[in-house]
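*Asks:* Here's a structure for you.
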């Protein structure tokens, strides 16, 4: 019997999720032993027409990393959804939008102008990329940027969600083991829609730093402070996103003396990541005076990036009003 088919695709993201899969070391041999890799553009030569020619549902498992930023991303997302039995939103970009999703604070036209017509770009004629262009050899086509970046589940139906920027290698290995055992009839897959390869609590619950319920008089960057190596970073005025962030990384950043920035996304039960952080940060402020509270909050040098660095596209906000209007909203 032929082996079940495996695919992986890289959309609007940095590619770190692809590297994370390779970082499972010898476990990657289990993928090869148990799956036929039929589509993985970063690792093998493959064409879209090859996927289009496959029967619907013929790919057992597809790991999709990256958000939907252009029409090509959207087309391939719908194609792989049609061809795949199990589609996994793999990594923060597919789940939440991640860093590329921060572009949703601006309309696409403004993004293009900034990229091609500002002082750092040598483009005196103000030429912008065109989706179609006639060359002597024929007409060429390039993907067209969409008004907003969307998460994978905002475009197609998703079976499982695996967060992380990128997902931790030990979590990837555990998920691969689970899928292989399920193929062998030794285990059952979780119910559709489940978050896999992550914990069900918060980074704070994994963190071994002591919490004394202290209150603070200012927020400041960790680079400018001499942090106590044992005390909760947030209680030292260092904006740590642990209270709202899903566990599963073994509290890697706070354990190393760096604040959590939220790459594992919203914890179980968190409706809006930024709103939960606003509440958490507010709970440690030692003041009832509105003017003083404003001064303390001014220590957050980038509130939008602090609260929605990984989560804007997948949040209740999704985008700025100009970007939403440009999208027809």
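*Asks:* May I ask you to list the residues in segment 166-190 that are assigned to a loop (DSSP other than H, G, I, E, B) and closer than 30 Å to residue 281 by Cα?
*Replies:* 166, 167, 168
*Asks:* Which number in (1) loosely packed, with under 13 Cβ neighbours inside 10 Å; (2) under 20 Å from residue 163 (Cα atoms) marks the one condition that residue 16 misses?
*Replies:* Status for residue 16: all satisfied but (1).
*Asks:* Now a separate question. Please specify each residue of segment 4-44 satisfying the condition of being in a strand (DSSP E or B) and under 15 Å from residue 61 (Cβ atoms).
*Replies:* 5, 6, 7, 8, 9, 36, 37, 38, 39
*Asks:* Shifting gears a bit: For residue 70, are the conditions met, namely being buried (at least 24 other Cβ atoms within 10 Å of the Cβ) and under 22 Å from residue 7 (Cβ atoms)?
*Replies:* For residue 70, the condition - buried (at least 24 other Cβ atoms within 10 Å of the Cβ) and under 22 Å from residue 7 (Cβ atoms) - is not met.
*Asks:* Only strands (runs of 3 or more DSSP E) wholly contained in segment 45-96 count here; list those with 1 or more residues that are closer than 24 Å to residue 131 by Cβ, touching a helix residue (DSSP H, G or I) at 6+ places or on another chain (Cβ under 8 Å) and touching a residue at least 60 places away in the same chain (Cβ under 8 Å).
*Replies:* Here the list reads 59-65, 68-70.
*Asks:* Tell me whether segment 270-292 contains one or more residues that are assigned by TED's automatic domain parsing to the domain that holds residue 219, touching a strand residue (DSSP E or B) at 6+ places or on another chain (Cβ under 6 Å) and modelled with pLDDT of 95 or more.
*Replies:* yes
*Asks:* In addition: Determine which member of the set 274, 193 is outside any loop (DSSP other than H, G, I, E, B) and within 17 Å of the chain's Cα centre (by Cα).
*Replies:* The match here is 274.
*Asks:* Still on this model: Check 275, 279 and return the single one that is surrounded by fewer than 14 Cβ atoms within 10 Å (Cβ to Cβ) and either within 23 Å of residue 252 (Cα to Cα) or in contact with a helix residue (DSSP H, G or I) (Cβ under 9 Å, 6 or more places away or on another chain) (or both).
*Replies:* None of the others qualify; the one that does is 279.
*Asks:* Pick from 239, 254: which is surrounded by 15 or more Cβ atoms within 10 Å (Cβ to Cβ) and touching a residue at least 60 places away in the same chain (Cβ under 8 Å)?
*Replies:* None of the other options fit; the residue is 239.
*Asks:* Is there a residue in segment 152-162 that is more than 30 Å from residue 249 (Cβ to Cβ) and in a loop (DSSP other than H, G, I, E, B)?
*Replies:* The answer is no, given that none of the residues of segment 152-162 is more than 30 Å from residue 249 (Cβ to Cβ) and in a loop (DSSP other than H, G, I, E, B).
*Asks:* Return the total of residues in segment 19-41 being exposed (fewer than 15 other Cβ atoms within 10 Å of the Cβ) and closer than 22 Å to residue 152 by Cβ.
*Replies:* The total comes to 2.
The values are calculated or read from the model by the stated rules, or taken from the named source; none is laboratory data. A quick note: this is a predicted structure, and the numbers were derived from the prediction, not measured. Glycine also receives a Cβ, built like all others from the backbone with ideal geometry; neighbour counts cover every protein chain displayed.
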